[in-house]
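The structure under discussion appears below in the form of structure tokens.
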Amino acid sequence: MSHILITGSNGQLGNELRVLSKEYRNDHFIFTDLDELDIADKQAVDAFFAANQIDFVVNCAAYTAVDKAETDEDIAFLLNATAVSYLVEACTTHQIKLIHISTDYVFDGCGCVPYREENNTNPLSAYGRTKLAGEQAASKCPQSVIIRTSWLYSSFGNNFVKTMIRLGKERNSLNVVFDQIGTPTYAADLAQTILSIIQYASTKPLQTGIFHYSNEGVCSWYDFAHEIMQLCGLSCQVNPIEAKDYPAPAPRPHYSVLNKTKIKASYGIKIPHWRDSLKRCLKELSELKNS
């Protein structure tokens with residue numbers, strides 16, 4: 001039996017891990033969020049780790065308000081980097097394996113070929129800078145896996161898919177950026193991958209380092225929005241616009257497609273196409289609405 005601590009369990013990924021945990025009856029899960037464990041409080045972290053048997057930590061906790069981070073960088077750094085260093089110290093002391101979630105925003109998006117793990121980072125935003133600092137902290141844990149992901153959505157929380165459905169019902173037309181290219185990631189798929197890595201590492205040596213994970217395929221935000229409208233049967237017209245015509249406080253990478261070769265080869269992971277995963281998420285949302 002593995003004892004698995006999930007931090008940030010009230011977020012999209014944390015909730016998807018909670019759902020999937022029911023299929024792993026031989027493992028013991030501890031789900032925490034701020035009320036149960038403030039990972040930005042070193043004493044609280046040390047006390048919690050001393051009081052609980054833990055084999056794996058999955059750190060889903062993060063400051064994810066990308067635009068707000070531009071004026072709130074100190075607080076973003078506290079949660080995205082300093083708190084990670086506290087987890088790393090505790091994991092190192094107790095010989096615990098750490099899986100830490102990062103982001104495509106560590107890249108500047110100036111490339112045109114899917115980013116590999118070893119490519120140079122150059123974050124454009126405060127959010128990206130704090131998440132890169134978190135990666136650097138996590139890498140100091142002797143047994144750590146850092147997973148960069150992109151465009152995360154799920155049936156839980158607030159995300160692009162839910163926003164498009166709501167606006168698609170409220171409006172006749174909608175402007176969406178077409179010159180930012182990446183890949184949507186269904187949080188349920190990422191959660192399954194994380195649990196597969198834990199199962200692997202329960203019997204074999206953990207393959208450490210940085211890994212990329214998103215769904216397969218490539219699209220723009222416009223393509224993504226258009227597909228959502230089509231699948232939901234919404235008549236809202238989606239109009240493509242350039243990013244410069246939709247100014248935001250935090251600059252986004254124009255191209256942030258991730259190369260997933262490493263995680264597939266290292267852990268035997270099979271990754272669904274983003275369109276297939278979107279259909280599954282929309283079905284889940286429909287079932288939740290009708291339940």
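Each value in this text was obtained by applying a stated rule to the coordinates, not by laboratory testing. Because the structure is predicted, anything quoted here is derived from the model rather than measured. Glycine gets a Cβ as well: all are built from the backbone with ideal geometry, and neighbour counts include every protein chain shown.
With each label point set 7 Å from Cα along the Cα-Cβ vector, what nm distance links A248 and N120?
Reported label-point gap for A248 and N120 is 2.5 nm.
So how do 27-33, 254-260, 244-250 stack up, highest first, on mean other-Cβ count within 10 Å?
So the order, starting with the most tightly packed, is 254-260, 27-33, 244-250.
Taking the Cα of Q143, stepping 7 Å toward and past its beta carbon, and measuring to each backbone N in the range 195-227: which are under 20 Å?
What the label zone holds, given the 20 Å backbone N cut-off, is 195-211.
Placing unit charges on C-beta atoms (Lys and Arg positive, Asp and Glu negative, everything else neutral), compute the dipole magnitude of the range 167-283 about its Cα centre in debye, rounded to 20.
Numbers: 13 positive and 9 negative charges, 96 e Å.
In debye, rounded to 20, the range 167-283 gives about 460.
How much space per residue, in cubic angstrom, does the convex hull of the C-alpha atoms of the range 13-83 take up?
Details: hull volume 6.9 nm³, N = 71.
Taking only Cα atoms, the range 13-83 has a hull volume of 97 Å³ per residue.
Hey, how much of the P(r) for the range 224-269 falls beyond 16 Å, as a percent of Cα pairs?
The proportion of pairs with Cα distances above 16 Å equals 66 percent.
For the range 1-121, how big is Rg over Rh, using alpha carbon atoms and the Kirkwood form of Rh?
1.00
Size of the range 184-291 along its principal axes in angstrom, Cα-based, largest extent first?
51, 39, 23
How many Å³ per residue does the convex hull of the Cα positions in the range 145-221 occupy?
So the per-residue hull volume is 98 Å³.
P(r) of the range 44-185 in 5 Å steps, Cα pairs, percent per bin?
Per 5 Å bin, starting at zero, the Cα-Cα P(r) for the range 44-185 comes out as 2, 9, 16, 18, 18, 15, 11, 6, 3, 2, 1, 0 percent.
Please name which of T64, L79, H28 has its Cα lying farthest along the dipole of the range 19-145 towards the positive end, using unit charges on Cβ (Lys, Arg +1; Asp, Glu -1) and the Cα centre as origin.
The one lying farthest along the dipole's positive direction is H28.
Please report, in whole Å, how far the alpha carbons of the chain spread along each principal axis, starting with the longest.
So the extents along the principal axes, rounded to whole Å, are 56, 41, 37.
Percent of alpha carbon pairs in the range 80-120 separated by more than 15 Å?
55 percent
Each residue of the range 163-177 in turn: what ³J(HN,Hα) in whole Hz from Karplus with 6.51, -1.76, 1.60 and θ = phi - 60°, glycine and Pro shown as x?
Going residue by residue, I get 5, 5, 4, 4, 5, x, 7, 8, 10, 8, 8, 8, 9, 9, 5 Hz, with x marking Gly and Pro.
For K22 and Q95, FRET efficiency with R0 = 35 Å and r from the beta-carbon atoms, rounded to 0.05?
Working: r = 28 Å, r/R0 = 0.79.
According to the calculation, E is roughly 0.80.
What is the Cα radius of gyration of the range 192-252 over 2.2 N^0.38 Å, N being its residue count?
In units of the 2.2 N^0.38 Å rule of thumb, it is 1.80.
To the nearest 20 Debye, how big is the dipole of the chain about its Cα centre, given +1 on the beta carbon of each Lys and Arg and -1 on that of each Asp and Glu? Present the calculation step by step, with values, prior to reporting the outcome.
Values: 27 positive and 32 negative charges, 176 e Å.
That gives a dipole near 840 debye.
Given the rule -39500 (n - 2.57) for each run of at least 4 DSSP H residues, summed and divided by the residues of the chain, what is its mean residue ellipticity at 222 nm, to the nearest 500 deg cm²/dmol?
Helix contribution divided over all residues of the chain: -11500 deg cm²/dmol.
Give me the percent of DSSP beta bridges within the range 142-263 that run antiparallel, rounded to the nearest 5. Can you show the working numbers first?
Details: 2 of 14 bridges.
Here the antiparallel bridges make up roughly 15 percent for the range 142-263.
Which Cα, out of N290, P253, Q136, lies furthest along the positive dipole direction of the chain (beta carbon charges, K/R +1, D/E -1)?
Towards the positive end, the residue furthest out is N290.
If you take the Cα atoms of the range 244-291, find Rg, then find the Kirkwood Rh from the mean of 1/r over all pairs, what is Rg/Rh?
Details: Rg = 16.8 Å, Rh = 14.5 Å.
Dividing the radius of gyration by the Kirkwood radius yields 1.16.
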